[in-house]
1. Restricting to bridges with both residues inside the chain, how much of the DSSP beta-bridge set is antiparallel, in percent to the nearest 5?
2. Non-local amide H neighbours of His192 (under 5 Å, H modeled in plane, Pro and chain starts lacking H): which ones?
3. Tell me the label-point distance for the pair Glu12, Asp94, using the 7 Å Cα-to-Cβ offset, in nm and rounded to one decimal.
4. Report, in deg cm²/dmol and to the nearest 500, the calculated mean residue ellipticity at 222 nm for the chain, where each DSSP H run with n ≥ 4 adds -39500 (n - 2.57) and the sum is divided by the residue count.
5. Rounding to the nearest 20 debye, state how big the charge dipole of the chain is about its Cα centre with +1 on each Lys and Arg Cβ and -1 on each Asp and Glu Cβ.
6. Can you classify the chain as rounded, prolate or oblate using the Cα gyration tensor, where a ≥ b ≥ c are the square roots of its eigenvalues, rounded means a/c under 1.5, and otherwise it's prolate if a/b beats b/c and oblate if not?
7. Determine the gain in length on full extension of the stretch Asp412-Asp231; use 0.36 nm per residue of separation and subtract their C-alpha separation, reporting nm with one decimal.
8. Once Lys and Arg get +1 and Asp and Glu get -1 on their Cβ, which of Leu398, Ser154, Leu317 lies farthest toward the positive end of the dipole of the chain?
Amino acid sequence: MGQGSASLMKGESAVLDPVLVRRLRSREPLLWLNPNRRPMDEARVGMPLCLADIERAEDLLRRSAGLLAHLFPEVAPSGGLIESPLIAVPRLRDAMFIAPQRAGRWLVKADHALPIAGSIKARGGIYEVLVHAERLATDNGLLHQTADPTSLASPRARSLFGRHRIATGSTGNLGLSIGVIAAALGFKATVHMSSDAKSWKKERLRASGVEVVEHTGEAAVATGRAQALQDPRTYFVDDENSKHLFLGYGVAALRLPRQLAEQGIEVDSTHPLFVYIPCGVGGAPGGITFGLRQVFGDNVHCFFAEPVASPSMLIALAAHAGDLPSVRDIGLDNLTQADGLAVSRASRLAAALMRTLASGVFTVPDDDLFCDLYRLEQTEGIRVEPSAAAGFRGPQWLLDSSAGSKYLELHDALPYVREATHVLWSTGGSLAPEPEYRRWHERGRRLAGVLRDESHGQRIQ
Ligand SMILES: *Cc1c(COP(=O)(O)O)cnc(C)c1O
């Protein structure tokens, strides 16, 4: 099987360990360790993407800062940089009752507060639309290699973009990101959504001048892609395959070392870094993991969090052979309140790259999402959406489960847990309307009370 990236062949059903399938099907939360994770020197060999690709993405975003500040006054104070803070969360850590001497340092990477899109989809979505806009402008003689991207806001560029359409298919946050940036540049924009997507997201898009097309079931992406293929003036941002999205997400990783250094945090073999990222199709956590492994090598350990109903990346990485599996193949229904993570089949690109880079995947019942988003607000005053809370049990899995101990031992990290840093990636939520947030909060409050009673105040689970 070698590096494993070529082992998933189209047309044959995936081969999965029956014991694992039984546990996943029972919806028992679990931590799965990736047996194919490799040291970076080995993993790098033959990879279709490299660090320079993310650096190019970072470069375009930096060059476009003036343009973004012009289009979106909210990013003017940061000079047009789309970035989120890294926030220490000691009170959340203490509330989660890990023995303090083993808990290490906990931080939230606050992508729920990313400007413009209010979610982790901002970097990737904006980057891909900028790539397309720059290419169109260059092809039409409006932009020369060295030109300032600010000219993409010129009347001539706007009138060019007005004759083109950008489309995507999404359960919500990607649509918000793509729709808002595309419309701001003057493109016609279409977002294909499932009809049960949150109505406030549809309304918000329509208010920005974006066309929202509703589909029943999971047809949104496939239909959007097929329609875009019919029209040479439509560009489709493909969540399930896009290299640009992946690289744009990866830009976050290039900026993390400085954010850690500013807080005096070292990362090396005696100061390991553990990162927990909610995973849907795998593009966002995949891009970030790809970038972090380039930057921190083997001293960073990236775990993905998926709903118990939608462990699509877990089964993609666990499959020994066969085609990319769907959670429906193992009897799961993909029904979860974590709408950003409700994905039945992982991205082929992300799954192939994560095969040797990711450390593992843990699964989360919906109740825990609400409980943890409530706990985050109570302890740190931070508001996130349910999907964004999926990674919060990560440190407990690592420090308090037999699979976690096995991982720490295998990677010689057991002696260094006191010196470890845990980054909980919070991926969305700052745009949620107040009534929606109150409902999540209420459900979390009830659950947190029940769970505390059952455990006599000792632990949350
Ligand atoms: C999209 C999304 C994710 C996961 O990103 P994928 O690229 O789909 O894996 C996580 N959290 C939120 C809030 C999202 O919108």
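1. Counting DSSP beta bridges with both partners in the chain, the antiparallel share is about 20 percent.
2. Thr168, Gly169, Ser170, Val213
3. Taking the two extended label points, one gets 5.6 nm.
4. It lands at -13500 deg cm²/dmol.
5. 500 debye
6. Rounded, because the longest to shortest axis ratio a/c is under 1.5.
7. Here the segment from Asp412 to Asp231 would lengthen by 59.8 nm.
8. Ser154
Each value in this text was obtained by applying a stated rule to the coordinates, not by laboratory testing. None of the values given here were measured: they were computed from a predicted structure. Counting neighbours? That spans all protein chains shown, and the Cβs are built from the backbone with ideal geometry, glycine included.
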